[in-house]
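Written out below as structure tokens is the structure these notes cover.
The values are calculated or read from the model by the stated rules, or taken from the named source; none is laboratory data. Everything numeric here is computed off the predicted structure, so don't read it as measured data. We place every Cβ from the backbone using ideal geometry, glycine too, and count neighbours over all the protein chains shown.
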Amino acid sequence: MRSKYAKADPLGRLPDVDPRRIPRHIAVIMDGNGRWARQRGFPRIFGHRNGARALRETVEEAGRLGVEAMTFYSFSLENWRRPPEEVEALMLLCVAYCEGERDALVRDDIRFRWIGRRSGLPPEVLAALDSVVKATSACTGPTLCVAVNYGARAELADAARAIAHEIRAGTLNPEDVDENTVASRLYAPDLPDPDLLIRTAGEMRVSNYLLWQISYAEMYVTSTLWPDFDASCLHAAIRDFAGRSRRFGGLDASGSMKPDSGADPVADPGDARA
Ligand code: FPP
């Protein structure tokens, strides 16, 4: 399935990449906001504000490239350990982002989602997130998903708890619990698994992000700080991704373990997973 988004023009935007090799879902760890601000002598929140601008530009370009979904790590469960003034500023930024982007998202036919734990988030943040989800629920273009108050281990624990409740209620047989049972109880089970995970600011770790869903994602780490990430950075990441050989634990089309020529479309994990 490929994007039917009216603004999608992958060949026009990235003529050197086979449109069949554009990732369906890109997950992003937006790192480096604080460093970006510090380099300019500004407080950290200045970096986060500019990070929100980069997020908007990246989503717009991803839509034009035919990417179906992007999920951005916006506030982790671990981020509560930051100084209270930074946490408060990030919560205010989340509300401002939702209120400021709502109409533009509807106009651009972008569907907004969010994943994370509801408990612990201030009511005004929940209301702002939910209102954009509602306003864009009929949009049929790309999905913009933000992870807020999110941790992958917490998501898996929540799924395990849901399964335990169903078993206790007698609606689920323990023998029937398989990977699909778990996957369907994650926060956004209808989104395809990310094909590509981008991390900015150079750190080589996954930081408790989408641990189940990124099992077969290709990783792309750039030293660019998130507020500097733009369309050309996204192009570079996708170009790199398009040149990878994805084997999902099996072999490529030629039966080789070596990277292929890039001539074949990206395989569907459902077809090739070992
Ligand atoms: C990591 O950089 C970034 C964050 C913890 C916050 C990212 C949030 C945004 C870009 C705002 C958008 C928010 C919403 C809800 C749409 P860092 O501060 O850890 O950078 P550093 O490692 O340089 O200190």
Qualifying positions in the stretch 144-198 - touching a helix residue (DSSP H, G or I) at 6+ places or on another chain (Cβ under 7 Å) and assigned to a strand (DSSP E or B): L144, V148, N149, Y150, L196, I198
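Kindly check whether there is at least one residue in the stretch 221-236 that is assigned to a loop (DSSP other than H, G, I, E, B), within 16 Å of the ligand (Cβ to nearest atom) and farther than 22 Å from S76 by Cβ. Show your work before the answer.
Of the residues in the stretch 221-236, the ones assigned to a loop (DSSP other than H, G, I, E, B) are 222-225, 229-230.
Subsequent filtering for residues that are within 16 Å of the ligand (Cβ to nearest atom) retains 222-225, 229-230.
From the residues that got through so far, the ones that are farther than 22 Å from S76 by Cβ too are 230.
Yes, because at least one residue in the stretch 221-236 is assigned to a loop (DSSP other than H, G, I, E, B), within 16 Å of the ligand (Cβ to nearest atom) and farther than 22 Å from S76 by Cβ.
State all residues of the stretch 177-213 that are charged (D, E, K, R) and either within 12 Å of the chain's Cα centre (by Cα) or surrounded by 14 or more Cβ atoms within 10 Å (Cβ to Cβ) (or both); if no residue qualifies, say none.
Kept after step one, since they are charged (D, E, K, R), are these residues of the stretch 177-213: 178-179, 185, 190, 193, 195, 199, 203, 205.
Hits for the stretch 177-213 are R185, D193, D195, R199.
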query: Scanning for something over 15 Å from L196 (Cβ atoms), of a type outside the set (D, E) and away from the ligand (no atom under 11 Å from the Cβ), does the stretch 27-38 turn up at least one residue?
result: no
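May I ask you to say which residue of F46, F72 is within 22 Å of L197 (Cβ to Cβ), of a type outside the set (D, E, K, R) and within 12 Å of the ligand (Cβ to nearest atom)? Walk me through how you get there before you give the answer.
Values: F46 fails: within 22 Å of L197 (Cβ to Cβ).
Sole residue among the options that is within 22 Å of L197 (Cβ to Cβ), of a type outside the set (D, E, K, R) and within 12 Å of the ligand (Cβ to nearest atom): F72.
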- line: Note on E61: of the conditions (1) within 10 Å of the ligand (Cβ to nearest atom); (2) assigned to a helix (DSSP H, G or I); (3) touching a residue at least 40 places away in the same chain (Cβ under 8 Å), unmet is (1)
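Of A96, A89, A37, A69, which residue is of a type in the set (G, A, S), modelled with pLDDT of 95 or more and in contact with a Cys (Cβ under 7 Å, 6 or more places away or on another chain)? Explain how you work it out, then say what you get.
Working: A96 fails: in contact with a Cys (Cβ under 7 Å, 6 or more places away or on another chain); A89 fails: in contact with a Cys (Cβ under 7 Å, 6 or more places away or on another chain); A37 fails: in contact with a Cys (Cβ under 7 Å, 6 or more places away or on another chain).
Going through A96, A89, A37, A69 in turn, just one is of a type in the set (G, A, S), modelled with pLDDT of 95 or more and in contact with a Cys (Cβ under 7 Å, 6 or more places away or on another chain): A69.
I'd like the full set of residues that are polar (S, T, N, Q) and in contact with a Lys or Arg (Cβ under 9 Å, 6 or more places away or on another chain), limited to the stretch 16-71. Outline the logic, then answer.
Residues of the stretch 16-71 polar (S, T, N, Q): 33, 39, 50, 58, 71.
Passing the criteria: N33, T71.
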